Amino acid sequence: MLAATLTSHGTLVSYAAMSQGPTSISPLEVIFKPLTIRGFWLGHPEFAAKTAPAVRQAADMMIASGAATFTPALLSASFGTRL
């Protein structure tokens with residue numbers, strides 16, 4: 001169903017698998033459009049190394065602007081650092 005909404009040479013990214021059920025995609029959509037299908041897992045080592053510093057930078061900016069507050073114990077548990 002989602003593949004049918006993509007334009008030719010579109011990319012379908014599967015991010016969540018909450019149901020753990022199979023994803024159904026018509027082979028005709030993949031062959032004749034042609035489409036790219038990718039999986040993404042935020043916890044994958046390839047992304048995790050980049051994610052923590054980016055989240056930390058965003059959190060620092062939000063705290064500095066007053067848009068967010070934090071609990072030091074929560075932050076150090078999330079990032080494995082002591083404040």
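FYI, it's all coordinate maths here, none of it is from the lab. Bear in mind that the values here come from a model prediction, so they are computed numbers and not experimental data. Because the Cβ atoms are built from the backbone with ideal geometry, glycine has one as well, and the counts that use them run over all protein chains shown.
Pairs only if they're at least six apart or on different chains, beta carbon under 8 angstrom, first in region 40-69 and farther than 30 Å from Thr23 by Cα, second loosely packed, with under 10 Cβ neighbours inside 10 Å; list them, first residue then second.
Within 8 Å, the pairs are Ile63/Thr69.
Counting only residues that are out of contact with any strand residue (DSSP E or B) (no Cβ under 8 Å at 6 or more places or on another chain) and closer than 15 Å to His9 by Cβ, which one in region 22-39 is surrounded by the most Cβ atoms within 10 Å (Cβ to Cβ)? Don't jump to the end; show me each part of the working.
From region 22-39, those out of contact with any strand residue (DSSP E or B) (no Cβ under 8 Å at 6 or more places or on another chain) are 22, 24, 26-29, 31-34; that's our starting set.
Narrowing the set further to residues that are closer than 15 Å to His9 by Cβ leaves 29, 31-34.
Numbers: Glu29: 19, Ile31: 9, Phe32: 10, Lys33: 16, Pro34: 10.
Of everything passing the filter in region 22-39, Glu29 is surrounded by the most Cβ atoms within 10 Å (Cβ to Cβ).
Quickly run through region 11-32 and pick out the residues that are in contact (Cβ under 8 Å) with a residue 24 or more places away in the chain and polar (S, T, N, Q). Let's see the steps before the verdict.
Taking region 11-32 and keeping what is in contact (Cβ under 8 Å) with a residue 24 or more places away in the chain, we get 11-15, 29-30.
Across region 11-32, the qualifying residues are Thr11, Ser14.
Out of the residues in region 40-68 that are touching a helix residue (DSSP H, G or I) at 6+ places or on another chain (Cβ under 7 Å) and either among the hydroxyl-bearing types (Ser, Thr, Tyr) or part of a loop (DSSP other than H, G, I, E, B) (or both), which is surrounded by the fewest Cβ atoms within 10 Å (Cβ to Cβ)?
Residue satisfying both the conditions and the ranking: Leu42.
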